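As structure tokens, the structure follows; a few thoughts come after it.
The values are calculated or read from the model by the stated rules, or taken from the named source; none is laboratory data. Please read all numbers here as calculations on a predicted model, not as lab measurements. With ideal geometry, Cβ positions are generated from the backbone for all residues, glycine too; neighbour counts draw on all protein chains shown. Accessible surface areas use protein heavy atoms only, side chains included; no ligands, DNA or RNA. Shrake-Rupley method; radii C 1.70, N 1.55, O 1.52, S 1.80 Å.
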Amino acid sequence: MNADDEIMHVVPVERHNAVIAAAYLARGYDEDETQSAVRIAQSASWHGVRTHNGIKALSLDDHFGSKVGGCLPRASIEKLPGRFPATEVWNAHRKLGQPVAEQAIETCIALAERYGIGQVSVDSAFHYLWGGGYVMEAARRGYVAYTNCTSAKTGVVPFGGKHATLGTNPHSWGFPTTDAVGFPIVIDWATSVIALGRVQQLAREGKSLPPDLALDKDGRMTTDPAQVAALLPFGQHKGYGLALADELFAALIGGSLPTLRGRDPVPGTKQTPCFYFQVIHPDALSSGAFSGGLSQAENVKTVLHDILSHGNEHCLLPGELEARWAKKCTNNGGLLFSRHEIRQLNQIALKCGEPAFDVAEFPEADLA
């Protein structure tokens, strides 16, 4: 590995956002859709989620989105009639996933404020990029939040299998723990042993995969990201079960066969992902009977302290790495990108008429 690969450079937020916005506008997305895409791309980079940054978002749009009909710029959300007051069901009509997801989490928050819990399920969706960002926002505002989605394309084999019939199918939880530990706890993962975005990142950077993560087209283990045909589920049967859960949520919402998603059009069938969002007001969970007369917030802090004591003081909490990366961005005054990523941003800029990105113009970041 070249040492330069690990050097990060500081890119001004405004410069990054301008090129991401220009790229979405050039593809026919309206201003609201574009600004939503920019917010999520900025948030992912600000929190160090390099597998789901603006580069990945535009790559998804290239392969599965507006260029091939999987996502329709300027589409409108249709809210379907239902009989449950704390629930909404939407047909997204292949609208860009980021604005759909932002609206869904806001709707869930409003429902949770009124009913204690709120949920939104979305049919005919397009990839929403970084699920952790949506639940993190809700958690920052004091709520417990959850989302899952089916991936744009299948890429994971069932436990013991050889052919990909599941998506990487992430799960994301957010908990309101800022007062307790300084940041929201965010548990966010793909159900594959490695995220597909990480495979694509390694391919861009000319690096190999660790062993025992992926299969080639013949069902053999491979460490070459260019030869990856399928990923393995994390934790063997455990990751398989969680990936299956997303597919079952989607099946109940309206999803079609997983192996048709992201493929060439098949007349008469859906080929789009589904989303599920849920937000819970903490008061709706409270028994009011906390040990030692503590408040709910004090009890959360005490429980976390107990978990991270007894010799576990150096263990990390989920979301802590993202909080640390956000602090690095704050200290450096911008978003942090590798040379490979800046070259990718330059390619995006050139395609949509924005000023070129040159690594030399961006200072090296202080990562201490």
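The stretch between Glu6 and Glu106 holds 32.3 nm of extra length on full extension. This uses 0.36 nm per residue minus the Cα-Cα distance.
The distance between label points at Leu25 and His93 comes to 2.4 nm (points 7 Å beyond Cα on the Cα→Cβ vector). Ellipsoid fit via the Cα gyration tensor, the stretch 119-190: semi-axes of 28, 14, 8 Å, each the root of five times an eigenvalue, largest first. Residue-wise HN-Hα couplings along the stretch 247-262, as the Karplus relation 6.51 cos²θ - 1.76 cosθ + 1.60 with θ = phi - 60° gives them from phi, are 5, 6, 3, 5, 4, 6, 6, x, x, 9, 4, x, 6, 8, 5, x Hz; Gly and Pro carry x. Summed over the residues of the chain and divided among them, the accessible surface reaches 47 Å² per residue at a probe radius of 1.4 Å. Legend: P(r) of the stretch 49-206 from all alpha carbon pair distances, 5 Å bins from 0, whole percents, reading 2, 9, 15, 19, 20, 16, 11, 6, 2, 0, 0. With coordinates expressed along the principal axes, the C-alpha atoms belonging to the stretch 23-83 extend over 40, 29, 20 Å, beginning with the largest. Take the Cα of Ala368, go 7 Å toward its beta carbon, and the backbone nitrogen atoms of the stretch 306-333 under 18 Å from that spot belong to 325, 327-333. With only Cα atoms counted, the stretch 1-52 has Rg and Dmax values of 13.1, 41 Å. Ranked by the mean number of other Cβ atoms within 10 Å of their residues, highest first, the peptides 315-325, 237-247 come out as 237-247, 315-325. I want the local charge near Lys270. Using Cβ-Cβ distances under 15 Å, sum +1 for each Lys or Arg and -1 for each Asp or Glu among the other residues. That sum, taken over residues with Cβ under 15 Å, equals +1. Applying both filters, DSSP loop and at most 15 other Cβ atoms within 10 Å, to the trypsin sites (Lys or Arg not before Pro) of the stretch 16-56 eliminates every site. Ignoring ligands, DNA and RNA, what percent of the accessible area of the stretch 1-135 is carbon or sulfur (1.4 Å)? Heavy-atom surface of the stretch 1-135 belonging to carbon and sulfur, 1.4 Å probe: 52 percent. Between Gln347 and Arg141, the distance separating the two model label sites (each 7 Å from Cα on the Cα→Cβ line) works out to 3.6 nm. Charge tally around Glu313: other residues with Cβ under 14 Å, Lys/Arg +1 each, Asp/Glu -1 each, net -2.
Put simply, the amide H of Ser338, placed in the peptide plane, has neighbours under 5 Å in His9, leaving out anything fewer than 5 places away on its chain. Taking every DSSP helix (H) stretch of at least 4 residues in the chain, weighting each as -39,500 (n - 2.57) and dividing the sum by the residue count yields a mean residue ellipticity at 222 nm of -12000 deg cm²/dmol. DSSP beta bridges fully contained in the chain are about 85 percent antiparallel. The Kirkwood hydrodynamic radius of the chain, based on inverse pair distances between different Cα atoms, is 21.5 Å. On the accessible surface of the stretch 259-357, probed at 1.4 Å, how many percent belong to carbon and sulfur atoms? Roughly 54 percent, rounded to a whole number. Between Ile187 and Asn331, the simple label model (points 7 Å from Cα in the Cβ direction) yields a spacing of 2.9 nm.
Close amide H contacts of Val144 (hydrogens built in the peptide plane, cut-off under 5 Å, sequence separation of 5 or more or a different chain): Ile280.
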